[in-house]
Amino acid sequence: MEITAYSDFLAELAERDGLELTPLQPQAITDIHALERALGRDLPEAYEHFLHEVGAGELFGGLAVWYHADITMPGNLKEVSETFAEAQEEARRMRGGGQRLPKGFLPIYDAFEGEVFGLLPESKSRYGQAVYSWDCDELALTKVAEDFYGFLDFLAQSEGELPA
């Protein structure tokens with residue numbers, strides 16, 4: 001799915017299913033670059049473009065969220081990645097084992113169904129193109145798309161199945 005078509009797709013789903021769609025807020029390039037410096041890694045170009053053109057925020061009245069890039073505000077990608085990693089390590093400890101959340105996992109999207117989607121480092125200076133799902137209940141990682149465009153297709157398939 002093309003990045004800019006995603007907004008239209010969400011609007012159609014919201015209308016079809018009678019859901020409240022909170023508009024996503026495009027992120028400033030300066031905020032995206034500040035986030036990359038704070039993370040110490042560059043984001044994939046397609047994801048940067050998505051953040052700048054489409055944006056971040058809640059979907060469908062808060063049933064899902066794209067995390068934002070403004071490191072001066074709570075709930076930003078850097079803060080979320082740190083608190084998420086701590087929470088998943090605590091869950092693993094309480095469970096007495098399980099797969100560890102891969103180091104550097106960057107949550108970008110949360111559907112609030114026990115599954116968080118994110119990126120993994122490709123190198124010390126860059127996140128990879130692939131998008132992964134972390135199952136918070138099973139403590140398991142699965143690749144869901146080879147790149148960000150494929151991830152939008154994946155979301156379109158799963159979000160398109162919302163109850164009418």
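Just so you know, all these numbers are worked out from the coordinates, no wet-lab data involved. Given the structure is predicted, the values throughout are model-derived calculations rather than measurements. Cβ coordinates were reconstructed from backbone atoms using ideal geometry, including for glycine residues, and neighbour counts include every protein chain displayed.
Quick notes
- Entry note, the chain: relative contact order of 21 percent, from Cα contacts under 8 Å with a spacing of 6+ residues.
- Gyration tensor (alpha-carbon) shape descriptor, the stretch 85-164, a/c threshold 1.5: oblate
- Exposed-site-free run, longest, the chain (rule: trypsin sites (Lys or Arg not before Pro); DSSP loop; at most 12 other C-beta within 10 Å): 1-102
- Translational diffusion coefficient (Stokes-Einstein; Kirkwood radius from C-alpha pairs) of the stretch 1-59 at 4 °C, 1.567 mPa s, in µm²/s: 104
- Volume per residue that the Cα convex hull of the chain spans, once the total is divided by residue count, Å³: 107
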